[in-house]
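Read the structure below first, then the notes.
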Amino acid sequence: MAQLGALIAVLDFHGVAVDEFNAWYDTEHIPERLRVPGFLSAQRWLSADGQPLSIVTYDLRALNVLASPPYRAIAGENFSPWSKHVIGACKRFWRYEAEQIFPGNQIAPTDAGGMLYFSMNVKSDAEDEFNRWYDAEHVVNVSKVPGVLAARRYRSVVGEHKYIAIYHLSTPSVVESSAWSEAVETPWTHRVRPETHDCTRIVCKAYRVAADFT
């Protein structure tokens, strides 16, 4: 399989009733996108600490799916009235179009109970070492932690952060384990970490449909 693309949406939905937010996503917004050829999966996540933060991740056959007429017919200026209302009422909306750069072609596992989302920018003169560290050490170490089901990372072409990492977990508490700490707190990590900035870290729990809104 060729390099996969991703569409990632992070919403702070302060200002939107939870029932309406879930009904909109579950009955309109996600089904619209899954009908577009080239959309392979969609997963919803909520902040594990109860904050009104939502993340939706879509696996794409390729990034150019987002330039296709079927997608453009439902996106941007062509959002439905309900989408315009809900997104407009959210406190903040981050949207990323990205390519999966590691491992490159992995579809999201379907049985994860948690997810860690991490987005960041990197100083330009440190990018080479940052990428070597991520691929040669960080992803390798984290993938061995009990409860880590998948570790994928992305380079965005649209969005305010250039790099995004998504870790699927058996439960959100995996990131609190001693094994996780040992995997991520290394000398190389401590050398690279100051070269990153604008970092956003969100520990999530899997969203489960709680009601039939149809």
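Throughout, read-outs are computed from the coordinates displayed, never taken from laboratory work. Note that this is a predicted model, so its numbers are computed, not measured. Here the Cβ is made from the backbone with ideal geometry for all residues, glycine too, and neighbour counts use every protein chain on show.
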Could you give the length gained on full extension between residue 64 and residue 173, defined as 0.36 nm per residue of separation minus the Cα-Cα distance, in nm?
-> 35.7 nm
Once the in-chain neighbours fewer than 8 apart are removed, the aspartates and glutamates whose Cα is under 12 Å from residue 91 read 12
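In what order do 124, 80 fall by count of nearby beta-carbon atoms within 10 Å, going from fewest to most?
Details: 124 9, 80 13.
If I rank by nearby Cβ atoms, fewest first, I get 124, 80.
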Which lysines have a Cα less than 23 Å from the Cα of residue 144, not counting those fewer than 8 places away in the same chain?
-> 205
Taking θ as phi - 60°, what are the ³J(HN,Hα) couplings along segment 182-187 by the Karplus curve (6.51, -1.76, 1.60), each to the nearest whole Hz, with x for Gly and Pro?
-> 5, 6, 9, 9, 10, x
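Taking R0 as 45 Å, what's the FRET efficiency between residue 106 and residue 17 from their Cβ-Cβ distance, rounded to 0.05? Walk me through the numbers before you get to the answer.
Numbers: r = 35 Å, r/R0 = 0.79.
The pair residue 106/residue 17 has a calculated efficiency of 0.80.
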Once phi is turned into θ = phi - 60°, what whole-Hz ³J(HN,Hα) does the Karplus curve with 6.51, -1.76 and 1.60 give for every residue of segment 95-110, x standing for Gly and Pro?
-> 10, 10, 10, 8, 9, 7, 9, 8, x, x, 9, 9, 6, 4, x, 9
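So what's the net charge close to residue 78: Lys and Arg +1, Asp and Glu -1, counting the other residues with Cβ under 12 Å from its Cβ?
0
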Rank 114, 45, 138 by how far each Cα sits towards the positive end of the charge dipole of segment 1-150 (+1 on Lys, Arg Cβ; -1 on Asp, Glu Cβ) and give me just the farthest.
-> 45
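Calculate the dipole size of the chain relative to its Cα centre from +1 charges on Lys and Arg beta carbons and -1 charges on Asp and Glu beta carbons; express the result in debye to the nearest 20.
Working: 21 positive and 25 negative charges, 50 e Å.
Here the chain has a charge dipole of around 240 debye.
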Can you give the relative contact order of the chain as a percent, counting alpha carbon pairs under 8 Å and 6+ residues apart?
-> 27 percent
Karplus-derived 3J(HN,Hα) from phi for segment 62-76 (6.51 cos²θ - 1.76 cosθ + 1.60, θ = phi - 60°), whole Hz, x at Gly and Pro, runs 7, 5, 5, 4, 6, 9, 6, x, x, 6, 4, 5, 10, 10, x
Note down the net charge around residue 39, summing +1 for each Lys or Arg and -1 for each Asp or Glu among other residues with Cβ under 9 Å from its Cβ.
-> +2
Under 5 Å from the placed amide H of residue 171, counting only residues 5+ away or on other chains, we find 113, 114
